[in-house]
1. Residues Asp120, Asp130, Asp136: which one is in contact with a strand residue (DSSP E or B) (Cβ under 8 Å, 6 or more places away or on another chain) and surrounded by fewer than 18 Cβ atoms within 10 Å (Cβ to Cβ)?
2. Looking at Thr320, Thr340, can you tell me which residue is among the polar types (S, T, N, Q), more than 20 Å from the chain's Cα centre (by Cα) and closer than 27 Å to Thr508 by Cα?
3. Given the structure, is Val412 at pLDDT below 95, within 16 Å of ligand 1 (Cβ to nearest atom) and touching an Asp or Glu at 6+ places or on another chain (Cβ under 9 Å)?
4. When you scan the stretch 18-25, do you find a residue that is within 16 Å of ligand 2 (Cβ to nearest atom) and either modelled with pLDDT under 95 or part of a helix (DSSP H, G or I) (or both), even just one?
5. Is the stretch 479-486 home to any residue that is touching a residue at least 60 places away in the same chain (Cβ under 8 Å) and within 15 Å of ligand 1 (Cβ to nearest atom)?
6. Out of the residues in the stretch 460-499 meeting the condition of being in a strand (DSSP E or B) and surrounded by 21 or more Cβ atoms within 10 Å (Cβ to Cβ), tell me which one is farthest from ligand 2 (Cβ to nearest atom).
7. Filter the stretch 32-89 down to the residues that are of a type in the set (S, T, N, Q) and within 25 Å of Glu119 (Cβ to Cβ), then identify the one that is farthest from ligand 1 (Cβ to nearest atom).
8. Report whether or not Gly59 is away from ligand 2 (no atom under 16 Å from the Cβ) and touching a residue at least 60 places away in the same chain (Cβ under 8 Å).
Amino acid sequence: MVYGEAVQVAKAKYPKSVTKTIKYGTAGFRTKADELDFIMYRMGLLATLRARDTKAVIGVMITASHNPEPDNGVKLIDPMGEMLAPAWEAHATTLANATDDGIAEAMATIAKEAGGIKEDEKALVFVGRDTRPSSDRLRDAVVAGVKAAGGEVKDFGVVSTPILHFVVTCHNDGGQYGEPTEEGYYKKIAQAFAKLRVSGASRGSYEPTILFDGANGVGAIMMERFIPYLGDSIKSTMYNKGEGVLNHLCGADYVKVQQKWPEGVPQAQNSRCVSVDGDADRVIYSFIDKNGKYSMLDGDKIATLVAGYFQELLKASGLTLKLGLVQTAYANGASTAYITEKLGVPVACAKTGVKHLHHVALQFDIGVYFEANGHGTVIFSKNAREAIRNAAQANESAQKLSQVMDVINETVGDAISDMLLVETVLHARGWSIEDWNSAYADLPNRQMKVTVADRAVITTTDAERVCVTPAGLQDTINSIVANYPNGRSFVRPSGTEDIVRVYAEASTQEGADNLAIAVGNAVY
Ligand code: 16G
Ligand code: ZN
């Protein structure tokens, strides 16, 4: 029987252990690590089919990002580093929910629906994993899946999510984007970064010194390996290198959500602290000023800094390329006002989830996209890339643009590459973190979780800013918001947890808190 071995291995080694229906969502599959073995195995099978379908290498990343250590998860990476295509997300859900005996039929159906995938065609799958104790075992399950489907594996070991995206892309484009190895990633980015500061690492109020909060995860390992390539261009002192619990009281998610300085990092005044998350695809900055006041600089602050710099370089180079910023509904209203009114850069809003932001960013020649949580990057159209490279021969600003382009990992949000991008802009401007932070002041805001019987009753439109159902809810939200100066609030069903999320902002923290509670009550 076709795919018979896939069934046999499943039954013998990776039997289905969970009966409830599971869905491939924005974070792929993510749950308690103990429940994931059979899913990992099946994602190995699916990645092999997808590799045959695309005639390209597919990536499988084993991580649960910022989630607690006992969790884990899996995400597939499409040939050019993109998130898995929507039709294949549905296939992933089908295959994960099939019975063990139903695996062969599910695979045959997927192969047929994809236009006829031959089961004996070559397939190569790149696998990477984070530092969780369960990741090693789950890697074995993915490998078993690929092999049972007749594919081959290249194991990149413990690696960040963005590095896996990078190597998949580089392999599939024949090395144009870079060399498809971890070392190739460090080399490409470090070389470009060094060129941008040939005039010296210090400049004005900028000092090349950072405190690096590795969240006790893979980001710390990647950064330690990266440091030798970076030489003197940046001085990074490493904390939370794995001596503590992954993502616990530290890392990008903790700093952003709790708005607190990470544990394990000394509270040095006026020092930039760079926090990454458990798979190093998100970054958040924070600092304590000379008066002891703590401030957190999130994805919105990064996006506005970066978009402002691109606008300046574009103007100086005389290139007429369409620059735009993509945010989500969570973007602080003050950031949107700053970038549209003060800098005059167009802003588009997308639904939560990287693939949505990425998609909207494609409408620009240079699309800067960031979620407030620190996940984001910059992407360049083919036209922009060529125009910049051509102009770089004769024009200093275009040359800078070209080098900045090489610091960026366009294939996905990347904490370390984003950090070097931020450092590049701060250096170019001669800014301290305090200078950067003073560009605009965030509106006080609050996020809340509300548990409801069925979160699917809430549906939204206009990039999640407006509720369509249940009927009347949006009118109620509007009338509550009207009572708060600078008030804004929205609700949306979470894509990763069985809850509804409430976001509120207002001119005071008390106002934002009360607004969130009032809107939360209207949902409940
Ligand atoms: C996923 C998304 C992240 C988003 C989050 C929202 C990707 C790679 N990741 O982790 O971008 O912010 O979901 O979660 O797209 P929520 O739907 O529970 O609010
Ligand atoms: Zn992450």
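The values are calculated or read from the model by the stated rules, or taken from the named source; none is laboratory data. Since we're looking at a predicted model, the values are computed, not measured. In this analysis, Cβ positions are derived from the backbone assuming ideal geometry, glycine residues included, and neighbour counts consider all displayed protein chains.
1. Unique residue meeting the criteria: Asp136.
2. Details: Thr320 fails: closer than 27 Å to Thr508 by Cα.
The unique qualifying residue is Thr340.
3. Values: at pLDDT below 95: no; within 16 Å of ligand 1 (Cβ to nearest atom): yes; touching an Asp or Glu at 6+ places or on another chain (Cβ under 9 Å): yes.
When the stated conditions are applied, Val412 does not pass them.
4. The initial filter retains those residues of the stretch 18-25 that are within 16 Å of ligand 2 (Cβ to nearest atom), namely 25.
The next check asks that each one be either modelled with pLDDT under 95 or part of a helix (DSSP H, G or I) (or both); those that pass are 25.
Checked against the condition, which is being within 16 Å of ligand 2 (Cβ to nearest atom) and either modelled with pLDDT under 95 or part of a helix (DSSP H, G or I) (or both), the stretch 18-25 yields at least one hit.
5. No, the stretch 479-486 has no match at all.
6. Once the filter is applied, the top-ranked residue is Cys467.
7. Within the stretch 32-89, the first condition is being of a type in the set (S, T, N, Q), and the residues that meet it are 48, 54, 63, 65, 67, 72.
Restricting the remaining residues to those that are within 25 Å of Glu119 (Cβ to Cβ) gives 48, 54.
On the way: Thr48: 22, Thr54: 20 Å.
Across the stretch 32-89, the extreme among qualifying residues is Thr48.
8. In short, no.
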